[in-house]
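The values are calculated or read from the model by the stated rules, or taken from the named source; none is laboratory data. Since this is a predicted model, take the numbers as computed values, not measurements. For neighbour counting, all protein chains shown are included, and Cβ atoms are generated from backbone atoms with ideal geometry for every residue, glycine included. Just so you know, the surface numbers come from the protein's heavy atoms only, side chains and all, with ligands and any DNA or RNA stripped out. Shrake-Rupley method; radii C 1.70, N 1.55, O 1.52, S 1.80 Å.
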Amino acid sequence: MKHFTTVHDLDNLDEAIKLALELKKDPYQFQDLGKNKTLLLVFFNSSLRTRLSTQKAGLNLGMNVIVFDINEGGWKLETELGVIMDSDKPEHIREAVPVIGKYCDIIGVRAFAKFENREDDYQEKIIQQFIDYAGVPVVSMEAATRHPLQSFADHLTIEEHKTKERPKVVMTWAPHPRALPQAVPNSFVEWMRETDYELVVTHPEGYELAPEFMGDLKPEYDQMKAFEGADFIYAKSWASYNDYGKVLSTDRSWTVSDKHMAVTNKAKFMHCLPVRRNMIVTDSVIDSANSIVVPEAENRLFSAQAVLKMMLDQLK
Ligand code: AN0
Ligand code: CP
């Protein structure tokens, strides 16, 4: 695995899950592996979990870790080639990325969809330039179309909490006042399709995800029907893909509530966080014993540590 931006970058998914579980049991077993290796985490956007868990993952492996909030301490970056740089952006990503690559052994990048242009976002213009020009392995910490460290932690969490071999996993759209990227839902669907879980995706019409992620999976537009017998409810808001970046609905009948959870098979409630209470999910559901959002976030540490461990093995 040279870079990690999707589930397809893993050589073997079962082995990766096994490694993450082993690391969870004994997080310091490879604490010499990262000696004199530097992990540099570049954030174009805010973060709590990704920032802290990925730093901690590097530290547990003995790495040196640098965190760079590029929009705060760095020069504003031009990302388009061929432009006359007479605007407010003093540095080009074409120089910035290879320079950053000289100061570290592995780079993590968070660069959300900008929602200016669907093509640019879906071509992954920012993270792709890191891959092309950094000269070191790149880990996605949520790019424009995927959030693979999140999906890895989600898979790990379902493995730990499932009570049957083939649980029914339902991903539901939920309302939110702002336009949110499709990265988390795209990535979750892509990842879940690599498992043998029963996967159901439910959302209002107009919120269809890109065909490259859904494949032959058809959405269920009736949310209550989708929830019937579910073992896991995975809630997430996203903006429209077809009407790119638009919020088409804030219908709070889609907010995950006790009424919804009542038709499930005592489903566990999941969300990647941060979550807006009483928009995405009611207080009663997220505060219930079936809510596993905190253990899910805890697993971000072990998914990141597994990915870094596999990368460090290849740097040896
Ligand atoms: C981001 C998103 O929806 O992609 C990050 C989630 C991990 N969420 C927000 O911006 C609220
Ligand atoms: N789930 C997640 O990626 O959280 P942060 O945006 O806080 O990193």
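A few points about this structure:
- Any hit, region 35-49, residues being modelled with pLDDT under 95 and either within 24 Å of the chain's Cα centre (by Cα) or in the same structural domain as residue 135 (by TED's automatic domain parsing) (or both): no
- Within region 258-279, the set of residues being closer than 17 Å to residue 169 by Cβ and not in a helix (DSSP H, G or I) comprises 263, 264, 265, 266, 267, 268, 269, 270, 271, 272.
- Qualifying position, being within 27 Å of residue 10 (Cα to Cα), among the acidic types (Asp, Glu) and free of Cβ contacts under 8 Å to residues at least 24 places away in the same chain, among 212, 142, 160, 198: 212
- Residue match in region 287-300 (condition: over 19 Å from residue 156 (Cα atoms) and surrounded by 20 or more Cβ atoms within 10 Å (Cβ to Cβ)): no
- Matching residues, region 244-257, being over 25 Å from residue 115 (Cα atoms) and either in a loop (DSSP other than H, G, I, E, B) or in contact (Cβ under 8 Å) with a residue 40 or more places away in the chain (or both): 256, 257
- Residue ranges of helices (runs of 4 or more DSSP H) in region 1-89 with at least 3 members aliphatic (A, V, I, L, M) and more than 16 Å from ligand 2 (Cβ to nearest atom): 13-25
- Close pairs (7 angstrom Cβ cut-off, 6 or more residues apart or separate chains): within 18 Å of residue 105 (Cα to Cα) in region 60-73, of a type in the set (Ser, Thr, Tyr) and not in a helix (DSSP H, G or I) anywhere: 60/28; 63/38; 64/38; 66/38
- Test for residue 63: is it surrounded by fewer than 16 Cβ atoms within 10 Å (Cβ to Cβ) and either under 21 Å from residue 117 (Cα atoms) or under 26 Å from the mean Cα position of the chain (by Cα) (or both): no
- Residue ID - nearest to the chain's Cα centre (by Cα), chosen from residues in region 232-243 that are within 16 Å of ligand 1 (Cβ to nearest atom), in a loop (DSSP other than H, G, I, E, B) and farther than 11 Å from residue 279 by Cα: 238
- From the list 314, 305, the lone residue that is in a helix (DSSP H, G or I) and crowded, with 23+ Cβ neighbours inside 10 Å is 305.
- For first residues located in region 13-25 and within 12 Å of residue 303 (Cβ to Cβ), partners that are part of a helix (DSSP H, G or I) and open to solvent by 30 Å² or more (accessible area, probe 1.4 Å) and lie 6+ apart or on another chain with Cβ distances below 7 Å form the pairs 17/159.
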